[in-house]
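Below is one structure, written out as structure tokens, with a few remarks after it.
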Amino acid sequence: MKNIFTVLLLAVFTLGCSQKKPAVDKKAFTQSALSQKLQDKDGKSITVKEILAAHKGKTVVLDFWAGWCKDCLKALPKAKELEANNPDVDFVYLSLERSPEGFEKSLARWEMKEKENYWFSTGWKNDFNNYIELNWIPRYMVISPDSQIALYYSISPEDPEIQKTIDLLK
């Protein structure tokens, strides 16, 4: 009986928690999504709009990650390599840690303190993440120099579409 329960539990978890590409590739953010607040490394509040405005005129890669996410940690070396290979591109890391302490610990543990990092203090479900249909991490998006969405959905820093999109925006 215990084995049947374990199998059923695993099946429900696997079916309910899988990464699925959104049906529509969005090309722009709504005002509600842009108004979403995050916290920087110092605990100061900042909106997505303010983050993108700071990078106006530059190509930006958004990397959604967390220190508790095994897939994120597995991808992290390749994400850092992608960043190193694209010095003219701004990389912004958006953390889905569960607490401010977890955010701080992950930045230190994974050598991310020198990177541009923000934390969704509101949690996984918020106006920005709901709008982009974030259902799993890691996730990568490429934002054009005019703050439009150039690549809506990628799940790996090794996805050739990321580099292709970056190259098209140069």
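The values are calculated or read from the model by the stated rules, or taken from the named source; none is laboratory data. All of these numbers come straight from a predicted model, not from anything done at the bench. Reconstructed Cβ throughout: ideal geometry from the backbone, glycine too, with neighbour counts over all protein chains shown. Please note that ligands, DNA and RNA were not included when accessible areas were found on the heavy atoms of the full protein model with its side chains. Shrake-Rupley method; radii C 1.70, N 1.55, O 1.52, S 1.80 Å.
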Using a 1.4 Å probe on the protein chains only, how many percent of the accessible area of the chain belongs to carbon and sulfur? 57
Above-threshold pairs, the threshold being 25 Å between Cα atoms, out of Lys44/Lys115; Lys26/Lys115; Lys27/Lys170; Lys26/Lys74; Lys21/Lys70: Lys26/Lys115; Lys26/Lys74
Membrane-span-like helices in the chain: DSSP H runs reaching 20 Å or more (Cα, own axis), mean Kyte hydropathy at least 1.0? 2-16
Calculated FRET efficiency for the pair Lys70/Lys49, C-beta based, R₀ 45 Å, to 0.05: 0.90
Rounded to the nearest 20 debye, dipole of the chain from Cβ charges on Lys, Arg, Asp, Glu: 480
Please list, in chain and number order, the residues 5+ apart from Ser154 or on another chain whose amide H is under 5 Å from its amide H, with Hs placed from the backbone. Tyr140
Taking 0.36 nm per residue of sequence separation and subtracting the Cα-Cα distance, how much length would be gained by fully extending the chain between Arg98 and Lys78, in nm to one decimal? 4.8 nm
Theoretical gain in end-to-end length, Asp167 to Ser32 [0.36 nm per residue, Cα-Cα removed]: 45.6 nm
Within the chain, the percent of DSSP beta bridges that are antiparallel, given to the nearest 5, stands at 55
In the stretch 11-170, taking the dipole from +1 charges on Lys and Arg beta carbons and -1 charges on Asp and Glu beta carbons about the Cα centre, the listed residue (Val61, Ser144, Pro22) farthest towards the positive end is Pro22
For the chain, dividing by residue count, accessible area per residue (probe 1.4 Å) in Å² works out to 57
Shape call for the chain, from the Cα gyration tensor axes a ≥ b ≥ c (a/c under 1.5 means rounded, otherwise prolate when a/b beats b/c, else oblate), comes out prolate
